[in-house]
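Here is the structure we will look at.
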Ligand code: MLT
């Protein structure tokens, strides 16, 4: 018997190699697949063949998959929690440093001076003053969403000397235990926002978290706070973020999504959803998904790593 696996995105070869070709046929175009492996493809817009018995997302979030409809059909949706946590954590740290040292503006300043033929050496003193930053030790990071990524971010921030507090709408005992050493306090989202110099969002996109950070909540934030969103764009209300930046409530918004509305603002750093885009994260995610699909297709086991 051969299991047919359809891939809707480029999935790492290391992951697909876990599915031996004598048992698995793998292709991006096929009829009647047994399972689908995908990364960012939006499945809400596509007809999913009746033959599909399982879906594997090589990433953490499953908001691009109609999970409720699949559940009604008895089709399990597997994801890869934690597989890309280190990659996302590293990008969050980069985002904190980019903002706290005004690096994007400083880089643009040097680019502009260079292109207009200005004497760079003369402008160094002005640049030093204009782009003076702040340091992280002693500042407070609020982590909203204490899954694998949030926990990684919390631990790294603590190692940098920051004081870390957390919020999670559905914290598990396991996570609470893992967090105990590094998160000083578990707070409500409103408390977290009002007591943090940096807030990093790592909640999944579900009905309850859509628009979680809106005008009312942004007003609770400390003046000059930095908001980092490496989860999903829809967790924040972009118009309200813009207003908070204009009012000086936020000093920076750093997000891992392109944004037409926000991209021109000099205190916004937008990225093309790069959090999980490393060799390691792509391999880890694809391997985790392949292992889960094998277990399910061959033995009927349902496990989420
Ligand atoms: C995730 O949900 O983990 C990311 O969206 C993964 C990705 O970038 O594909």
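The values are calculated or read from the model by the stated rules, or taken from the named source; none is laboratory data. If you're wondering where the values come from, they're calculated on a predicted model, not measured in any experiment. No Cβ is skipped: glycine too gets one built from the backbone with ideal geometry, and neighbour counts run over all protein chains shown.
Taking the conditions exactly as written (in contact with a helix residue (DSSP H, G or I) (Cβ under 6 Å, 6 or more places away or on another chain) and away from the ligand (no atom under 16 Å from the Cβ)), does residue 35 satisfy them or not?
For residue 35, the condition - in contact with a helix residue (DSSP H, G or I) (Cβ under 6 Å, 6 or more places away or on another chain) and away from the ligand (no atom under 16 Å from the Cβ) - is met.
Which residues, taken from the stretch 131-164, are assigned to a helix (DSSP H, G or I) and either under 21 Å from residue 191 (Cα atoms) or in contact (Cβ under 8 Å) with a residue 24 or more places away in the chain (or both)?
Residues satisfying the conditions are 148, 149, 150, 151, 152, 153, 154, 155, 156, 157, 158.
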Discussion item. For the stretch 1-102, give me every one of the helices (runs of 4 or more DSSP H) that falls completely inside it and has 1 or more residues that are touching a strand residue (DSSP E or B) at 6+ places or on another chain (Cβ under 7 Å) and within 15 Å of residue 291 (Cα to Cα).
Written reply: 13-16
Fill in: Exclusive hit being on the phi < 0 side of the Ramachandran plot and free of Cβ contacts under 8 Å to residues at least 12 places away in the same chain, set 4, 72, 14
72
Discussion item. Suppose we filter 57, 101 for residues that are modelled with pLDDT of 95 or more and in contact with a helix residue (DSSP H, G or I) (Cβ under 8 Å, 6 or more places away or on another chain); which single one remains?
Written reply: 57
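The rows are residues; the columns are (1) within 16 Å of the ligand (Cβ to nearest atom); (2) more than 27 Å from residue 194 (Cβ to Cβ); (3) outside the structural domain of residue 227 (by TED's automatic domain parsing); (4) surrounded by fewer than 16 Cβ atoms within 10 Å (Cβ to Cβ).
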| residue | (1), (2), (3), (4) |
| --- | --- |
| 95 | yes, no, no, no |
| 122 | no, yes, no, yes |
| 138 | no, no, no, yes |
| 142 | no, no, no, no |
Discussion item. Being within 28 Å of residue 200 (Cα to Cα), assigned by TED's automatic domain parsing to the domain that holds residue 98 and out of contact with any strand residue (DSSP E or B) (no Cβ under 9 Å at 6 or more places or on another chain) is the requirement here; does residue 156 meet it?
Written reply: yes
Item to complete: Could you list all residues from the stretch 38-61 that are within 15 Å of the ligand (Cβ to nearest atom), touching a residue at least 24 places away in the same chain (Cβ under 8 Å) and either over 24 Å from the mean Cα position of the chain (by Cα) or buried (at least 19 other Cβ atoms within 10 Å of the Cβ) (or both)?
Response: 38, 39, 43, 56, 57, 58, 59, 60
